[in-house]
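Coordinate-derived values only; no laboratory data. Here the structure is a predicted model, which means the values were calculated and not measured. Note: ideal-geometry Cβ built from the backbone for every residue, glycine included; neighbour counts use all protein chains shown.
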Number of protein chains: 2
Amino acid sequence: MIGRALRLLDAFDAERRELTLSELARRADMPLSTAHRLLNEFCAWGAVERNDKGLYRIGLRLWELGSLAPRGPGLRETALPFLEDLSLITRENVQLAVREGTEVVFVERIAGSGAVPVLTRVGGRFALTATGVGLVLLAHAPAEVQEDVLGSPIDRYTANTVTDPSRLRRMLADTRSNGFSISDRQVTMDSLSVGAPIRDRHGAVIAAVSLVVRHGSTTAHALAPLVRTSGQAISRALSA
Amino acid sequence: MIGRALRLLDAFDAERRELTLSELARRADMPLSTAHRLLNEFCAWGAVERNDKGLYRIGLRLWELGSLAPRGPGLRETALPFLEDLSLITRENVQLAVREGTEVVFVERIAGSGAVPVLTRVGGRFALTATGVGLVLLAHAPAEVQEDVLGSPIDRYTANTVTDPSRLRRMLADTRSNGFSISDRQVTMDSLSVGAPIRDRHGAVIAAVSLVVRHGSTTAHALAPLVRTSGQAISRALSA
DNA sequence: GCGGGCTTTCCGGAAAATGGAAGCTGTTAG
DNA sequence: CTAACAGCTTCCATTTTCCGGAAAGCCCGC
C-alpha cells in the first residue's frame, strides 16, 4: 500500500520542513516502527534525507523529480525574465501560477522590494475564486471545473471576498472580455491583485501572471495594461 | 516494498517526461500489471498524472513536495535576484548548484541572451570534478567525500578534462586559496566556467554560483571578481 | 473487420508489510 | 551519580497486501 507511504510525505509542509520520527508518525497516524521503516526506504532512495540532528526532511532527489513536472513546457524558465522585468519596473510582488483541479498552484513568485507581504508561497495552493491569477485560470477553465467550483460553497477570506456564484460568473465574464482580472481585497484587506492569462501556441490558457500591490497604492486599471502585456509577452515567448 | 514503486518514478527523466505504461514498465523492469497498479496509486495521490493521450507524467503534487526540499534555507529565492544581475551584466549563462553526495545538482540556471548553449538543466546532476560549481563544491566538501571522488576513476568529457587525482588536488587547493574555480574546456571544448562559493552564516560552503562562457570570448580571470563578488553578495543576503 | 499493440481487470499463491514489544540512546531532574 | 523519561531503533511472528500471469477489453491502422 503506497498510499500509506505517501501520507508520510504529506506530513511535510511549508511550516514544517524538518520533522522528527515521532512527529511524522503522529501526523501520518501510523505506528512509529512502521514510519521508521518507510522513512528508511525513502532515505535509501533519496526521497527524504536526515539532517545532522536526525530530523527528516524532503530530499533533493524528490526536488529533481518534481522539476520534471509539466508546468507547461518550460513555462517557468521562459516566464522568469519577464517576471523579473515586471518586478523591477513596479517594485511589487509578481506571481506565476497554474491551475490544478479546482485550485491555484503558485509556480513562481518574486517579492517586490517594498511590497505588501503576500501569504502565498512557491509550491503553495489556493482557492481559484479569490486571487487575481485564480480568477484568470477559472475564467478559462473547462465548463465542468467552473460548475464544480461555483456549485460548491466558496471560501471567504475577507469582508470583500466575493462568494456569490452569480456575481462571480459576472467577474469571470469580465475577466474573459477584458483580458485581465481584478481581485480587490478578496484575500487580505490591504492587498489587491491584477491577473492576466498566459496562453500556449493554440491560444489555450495554461497559466496566469499577476501583480499584487497594496490596496490604495495604485488603481487596478493602471496596472492592467502592464500585466496584460507581460502575459502576452510570455505567451509569445512560449510559442517561439 | 517502496523501492520498487520509486524505481518507476526513476524512469522519468529530462528527455522522457511523458511515458506510456509499457515504456514505464520496461524501463523499471516490472510486469505491466504491476506498473499499472502502482501508477494508479500514484495518480490517486497526485504524484503522477495522465495527459489527454493517456501518457503518464510527473504530477504537480510531486513538484510541490519537491519545492519543500532544503536547498539551503531559501537559497534559490535569495540568490535569484543576484543571478539575474549577473546575467544582465554579462549576458552569459549563470548557474546555481549544491552538492549531493559525490555529484553536483543544479538548482537554478539562467540562460544568457547570446550565450553558449550549455548542457546542464535545472534539477540535473553532474560529476563534481569537471564544472566550475563542481570544483568549488568539491574543494569545500568533507575530506571523506574528496577522498571518495579522487579515489574513484574520474569521468572524462573532453581532451581537457582533468582526470589526474594529484592535479585535481592542486586545482582544489587553488580554488580554496583563490576563492574561485576555473573549469577550462573540461565539459565541452567550447565552454569555460568560473565558479565561486556561497556560504552560510557560519562560513560553511553550502552552494556555488558560476558563469559559463564561450571559450576565448573572455578570460577566466576577468570573470573571477564578478563571480566571487556575486557569491559573497548571496552569502551575505543569506545570513541577513 | 481483423490483427497487433497497448491498457485494464482478475485472482490465488507467495512474499512483504505490519506493529507490539523490548532494547538503546541521549537528556533532564532529583 | 543515577533514575526516570522520551524518542529512536531493532526484532519477529502474524497476516494482510502485493505480485504478476493470463485473459479480456480497447483502439488504431490496414
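Normalising by the residue count of chain A, find the relative contact order in percent from Cα pairs under 8 Å and 6+ residues apart.
RCO, chain A: 15 percent.
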Original post:
Can you give the angle from 0 to 90° between the axis of helix A:75-90 and the longest principal axis of chain A, with both taken from C-alpha atoms, to the nearest 10?
Top reply: 60 degrees
Subject >> Computed magnitude of the charge dipole of the protein assembly as shown (debye, nearest 20; Cβ of K, R +1, Cβ of D, E -1) >> reply: 80 debye
**OP:** Could you please point out the chain B residue with its Cβ nearest to the axis of the rotation taking chain B onto chain A, and the distance in whole angstrom?
**Re:** B:Gly66, 1
**OP:** State, to one decimal in nm and shortest first, how far the label point of A:Glu18 sits from each corresponding label point in the other identical copies (label point: 7 angstrom along Cα-to-Cβ).
**Re:** 4.0
**OP:** Round to the nearest 10 and give me the degree value, 0 to 90, for the angle of helix B:165-178's Cα axis relative to the longest principal axis of chain B.
**Re:** 70 degrees
Subject >> Residue-count net charge about A:Arg214 - beta-carbon cut-off 13 Å; Lys, Arg +1, Asp, Glu -1 >> reply: -1
Original post:
Once label points are set 7 Å from the Cα along Cα→Cβ at both B:Arg16 and B:His36, what is their separation, rounded to one decimal in nm?
Top reply: 2.0 nm
**OP:** In a Gaussian network model over chain B where Cα atoms closer than 10 Å are linked, find which of B:Met189, B:Met171, B:Met30 has the largest mean-square fluctuation.
**Re:** B:Met30
Original post:
In debye, nearest 20: dipole of the range B:2-66 around its Cα centre with unit charges on the Cβ of K, R (+) and D, E (-)?
Top reply: 140 debye
**OP:** Within the set of other residues whose C-beta is less than 13 Å from the C-beta of A:Leu24, count the net charge using Lys and Arg as +1 and Asp and Glu as -1.
**Re:** +4
Original post:
So what's the angle, to the nearest 10 degrees on a 0 to 90 scale, between helix B:220-239 and the longest Cα principal axis of chain B?
Top reply: 60 degrees
Subject >> Exam field: A:Ile89 pseudo-label spacings to other copies (7 Å along Cα-Cβ), nanometres >> reply: 2.5
Original post:
Copy-to-copy spacing for B:Arg50, label 7 Å out on the Cα-to-C-beta vector, in nm, shortest first?
Top reply: 3.9
**OP:** Would you work out which of B:Leu32, B:Leu21, B:Phe42 lies farthest towards the positive end of the dipole of the range B:1-82? Charges go on Cβ: Lys and Arg +1, Asp and Glu -1.
**Re:** B:Leu32
Original post:
Of the residues B:Thr129, B:Thr102, B:Thr219, which exhibits the maximal mean-square fluctuation in a Gaussian network model of chain B defined by a 10 Å Cα contact cut-off?
Top reply: B:Thr219
